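Participant: Starting off with a structure, shown below.
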Amino acid sequence: MAQILSYLQAHAKVLKWVFFSCLLGTLLFDFLVVRHHPHFWGDSVIGFWALFTILGCLGMIVFCKGLSHVWLAQREDFYDSEDSDNDE
Amino acid sequence: MMSSTIFLHPASYFILGALLLPIFTRFKMQKVILLAVPLLAFWQIHNLPESFGICNFMGFELVFGRVDKLTYVFLHVFTLMALIGAIYCLHVKETGHHIAAFLYVAGSLGTTLAGDYLTIFIFWELMAFASTFLIWYRKRKRSIEAGYRYLLVHTAGGLILLAGIFLRYQNCHDLSFTQIAVNGATTADYLIMIGFMLNAAVPPIHAWLPDAYPEATVTGAVFMCAFTTKTAVYVLARAFPGFEMLAIMGAIMTLYGVGYAVIENDARRILAYHIVSQVGYMVCGIGIGTAMAVNGACAHAYAHILYKALLFMGVGAVLEMTGKSKLNELGGLYKRMPWALTFTVIGGIAISGFPLTSGFISKSMIIAAAGADHRIFIMIMLSLAAVGTFLSVGIKLPYFIWFGKDSGVKAKEAPWNMNLAMIFASFMCIFLGIYPEYLYRMLPFPVHYHPYTAYHLSETLQILGFTGLGFYLMVKYLHPEPKSNLDVDWFYRKGALVFMWVACKPISIANDWVGEVYQTVGLRFTKAVAKALSWFDWEGIDWAVDGSAKGVVQGGDKMRTLQTGKIQQYVGGAVAALMIVLLVVIFL
């Protein structure tokens with residue numbers, strides 16, 4: 001198992017092209033698919049979910065990481081140190 | 001109730017197993033009972049009559065066994081998970097840990113089978129108490145503290161539930177546990193719902209989960225991730241299908257949990273937040289309330305228990321072997337723990353809903369049910385959460401543990417029993433994906449849903465592929481940092497400090513001051529009054545009720561020696577008392 005993974009690691013560039021051609025493949029596949037019961041307008045647009053995903057994914061990373069940086073992130077001993085302050 | 005009826009109930013196997021474990025450990029046969037009990041219970045759930053164990057307790061009708069299709073699907077996965085969990089913790093020496101795990105499973109099975117609210121409450125509390133020990137057994141200061149917080153939050157939730165049960169009894173003198181009509185719900189029903197929602201970790205009463213689970217033992221977390229929230233899903237599905245509030249809260253949950261999973265650093269905290277997200281799908285499905293949505297919620301609970309446990313097992317194996325679970329301290333482990341990687345990735349792709357895995361056939365059912373019910377906004381939210389799922393658990397988690405920058409952490413593969421449990425869970429994840437009818441047959445309503453349509457495949461492949469692209473583009477930005485993020489537990493963790501400060505500083509100062517005034521002024525006055533009263537007491541009262549005062553003094557002394565002041569003993573005593581009540585109830 002480790003050898004297979006090392007082999008793949010060594011051929012990362014090929015892997016990258018395989019990945020990109022898979023992405024293209026999913027888009028091409030979407031042209032061929034018959035839509036039987038579209039739930040809403042987005043279901044009948046070709047490549048809708050690809051666009052939705054990439055925008056949603058980038059948006060989510062930027063929003064969550066941003067919120068973490070400006071507000072939520074604290075030292076890992078955030079609650080502990082308060083305790084020790086209290087003990088002093 | 002006859003003793004033959006007791007052994008109908010699968011929870012009694014676990015309780016009996018827990019009682020026998022110390023004896024079997026003495027004869028070095030712990031492993032036998034650890035495997036035999038879940039196997040027996042798994043066999044037993046197929047032989048249950050529709051109703052059993054009905055008994056009368058102080059005028060209340062207690063129903064220990066009520067079996068229908070909704071019960072069966074949860075019993076099936078709970079006992080299966082108990083078996084996988086037992087295999088995973090075969091190497092654990094501490095008998096107490098196994099006892100806690102067994103009692104915890106018993107609580108979960110008891111709740112699932114209960115037909116009235118009082119029985120539910122008994123097993124509900126057993127679950128909370130027993131699982132606390134799975135946190136405490138980690139024996140670190142942080143775990144002890146987290147365990148106390150966990151216990152306090154669940155006690156509060158239990159009290160809300162109990163208040164709802166009392167109020168309900170006052171309103172309609174009926175404690176049978178059945179579906180509640182959306183239009184007829186009263187305050188009592190909403191209190192019960194809040195009690196259930198706390199265990200389902202619905203924000204804002206969810207913070208106990210990501211607080212406690214990462215602090216539990218490696219094996220304890222595997223049990224905990226399966227039972228508490230999914231038992232809550234079961235009781236919600238039983239009592240509250242179709243409540244609009246649940247549909248909205250569930251959809252919010254899916255995004256809330258996944259948002260934190262994207263930014264957290266501790267691998268088990270990522271998975272814990274991700275439970276909030278996944279349970280959100282189930283809560284949402286219950287809230288939508290159509291046959292397809294409730295089916296989806298049950299199917300997703302079944303699938304989720306297996307792949308979330310698999311993920312906790314994979315990450316737990318890393319923690320067991322390296323002592324680390326923080327992403328910023330790990331990396332490059334693929335050469336040293338390739339099998340743990342393989343199993344974790346199977347869990348990761350299953351949770352993300354890859355075709356041919358269990359997530360593909362369960363999660364999509366809820367999303368499709370939202371679409372079929374014309375709830376487009378909820379459907380979009382659930383789909384976005386699916387993007388975040390693959391991003392945080394499917395890619396980020398394995399990437400930063402096994403690939404990324406090599407941390408140089410020394411590690412070797414996990415013990416055989418851990419790997420065996422992971423193989424078992426991996427097999428189930430893929431088996432359900434290839435053969436969904438196995439699961440669909442167990443669902444409460446007939447299934448008319450076909451996951452493997454060309455459009456669903458196309459949609460899923462686009463979502464997964466382009467999430468991968470998003471990660472590829474942003475991998476530098478996603479780099480793990482040694483930070484933890486604030487959540488609503490801030491209110492009670494900081495609130496407790498404020499309370500302690502108020503108790504220590506102003507109140508204590510005021511107390512000293514009052515004490516001094518009392519010393520100088522009050523004491524003399526009190527002494528005089530006491531003298532007068534004492535004369536009256538000796539001469540008047542004790543003459544009338546001779547002897548009883550002495551009796552009380554002696555009784556008080558005895559009580560005093562029983563109070564050791566150790567909370568563990570109190571909790572242990574409470575659990576023991578609960579078991580005695582339970583046994584008395586069953587035998588009467």
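The values are calculated or read from the model by the stated rules, or taken from the named source; none is laboratory data. It should be emphasised that the depicted structure is a prediction, and the values quoted were computed from it without experimental measurement. Cβ: placed from backbone, ideal geometry, glycine included. Neighbour counts: every protein chain shown.
Participant: Give the residues of segment B:270-308 that are touching an Asp or Glu at 6+ places or on another chain (Cβ under 9 Å) and either not in a helix (DSSP H, G or I) or not hydrophobic (A, V, I, L, M, F, W, C) (or both), sorted by residue number.
Facilitator: Selection gives B:TYR273, B:GLY287, B:GLY289, B:THR290.
Participant: Sticking with this one: If you scan segment A:45-83, which residues turn out to be under 15 Å from B:GLU264 (Cα atoms), more than 7 Å from chain B (Cβ to nearest Cβ) and aromatic (Phe, Trp, Tyr)?
Facilitator: Answer for segment A:45-83, where residues must be under 15 Å from B:GLU264 (Cα atoms), more than 7 Å from chain B (Cβ to nearest Cβ) and aromatic (Phe, Trp, Tyr): A:PHE63, A:TRP71.
Participant: Taking the condition outside the structural domain of B:LYS363 (by TED's automatic domain parsing), out of contact with any Leu (no Cβ under 8 Å at 6 or more places or on another chain) and over 30 Å from A:VAL70 (Cβ atoms), does B:THR520 pass?
Facilitator: Yes; evaluated as a whole, the condition is true for this residue.
Participant: So, one more: Do we have B:TYR452 as closer than 30 Å to B:LYS69 by Cβ and assigned by TED's automatic domain parsing to the domain that holds B:VAL387 here?
Facilitator: For B:TYR452, the condition - closer than 30 Å to B:LYS69 by Cβ and assigned by TED's automatic domain parsing to the domain that holds B:VAL387 - is met.
Participant: Moving to a separate point now. So which of B:LEU469, B:LEU478, B:LEU486, B:LEU461 is within 30 Å of B:LEU151 (Cα to Cα) and within 7 Å of another protein chain (Cβ to nearest Cβ)?
Facilitator: Selected residue: B:LEU486, the only one of B:LEU469, B:LEU478, B:LEU486, B:LEU461 that is within 30 Å of B:LEU151 (Cα to Cα) and within 7 Å of another protein chain (Cβ to nearest Cβ).
Participant: Considering only residues that are surrounded by fewer than 22 Cβ atoms within 10 Å (Cβ to Cβ) and hydrophobic (A, V, I, L, M, F, W, C), look in segment B:201-217 and name the one that is nearest to B:ALA267 (Cα to Cα).
Facilitator: Only one residue tops the list, namely B:ALA207.
Participant: Right, next: Could you please let me know if B:ALA156 is more than 14 Å from chain A (Cβ to nearest Cβ), of a type in the set (A, V, I, L, M, F, W, C), over 16 Å from B:ALA221 (Cβ atoms) and not in a loop (DSSP other than H, G, I, E, B)?
Facilitator: Yes; evaluated as a whole, the condition is true for this residue.
Participant: Restricting to segment B:492-501, and then to whatever is surrounded by 12 or more Cβ atoms within 10 Å (Cβ to Cβ) and aromatic (Phe, Trp, Tyr), can you tell me which residue is nearest to the other protein chains (Cβ to nearest Cβ)?
Facilitator: B:TRP501
Participant: Next question, about the same structure. Need pairs with beta-carbon distance below 6 Å; first residue closer than 18 Å to B:ALA576 by Cβ and within segment B:78-102, second among the hydroxyl-bearing types (Ser, Thr, Tyr) and part of a helix (DSSP H, G or I); sequence gap 6+ or separate chains.
Facilitator: That search, which allows pairs on different chains as well, returns B:THR95/B:THR25.
Participant: Looking only at segment B:1-39, which residues are closer than 27 Å to B:LYS69 by Cβ, part of a helix (DSSP H, G or I) and over 23 Å from the mean Cα position of the chain (by Cα)?
Facilitator: B:SER4, B:THR5, B:ILE6
Participant: Assess whether B:GLY388 counts as being within 11 Å of another protein chain (Cβ to nearest Cβ), surrounded by fewer than 23 Cβ atoms within 10 Å (Cβ to Cβ) and not acidic (Asp, Glu).
Facilitator: Criteria not met by B:GLY388.
Participant: Additional query: Check whether at least one residue in segment B:218-226 is in contact with a Leu (Cβ under 6 Å, 6 or more places away or on another chain), touching a residue at least 40 places away in the same chain (Cβ under 8 Å) and more than 30 Å from B:ASP116 (Cα to Cα), and report yes or no.
Facilitator: Checked against the condition, which is being in contact with a Leu (Cβ under 6 Å, 6 or more places away or on another chain), touching a residue at least 40 places away in the same chain (Cβ under 8 Å) and more than 30 Å from B:ASP116 (Cα to Cα), segment B:218-226 yields at least one hit.
Participant: Filter segment B:428-450 down to the residues that are surrounded by 16 or more Cβ atoms within 10 Å (Cβ to Cβ) and within 14 Å of chain A (Cβ to nearest Cβ) and list them by number.
Facilitator: B:TYR449 - this is the single residue of segment B:428-450 that is surrounded by 16 or more Cβ atoms within 10 Å (Cβ to Cβ) and within 14 Å of chain A (Cβ to nearest Cβ).
Participant: Just to be sure, is B:PHE177 in contact with a strand residue (DSSP E or B) (Cβ under 8 Å, 6 or more places away or on another chain), at pLDDT 95 or above and under 22 Å from B:ALA239 (Cβ atoms)?
Facilitator: Considered against the rule, which asks whether it is in contact with a strand residue (DSSP E or B) (Cβ under 8 Å, 6 or more places away or on another chain), at pLDDT 95 or above and under 22 Å from B:ALA239 (Cβ atoms), B:PHE177 comes out as yes.
Participant: Have a look at B:TYR518, B:TYR472, B:TYR477 and point out the one that is out of contact with any Phe, Trp or Tyr (no Cβ under 6 Å at 6 or more places or on another chain), closer than 30 Å to B:ASP406 by Cβ and in a helix (DSSP H, G or I).
Facilitator: B:TYR472
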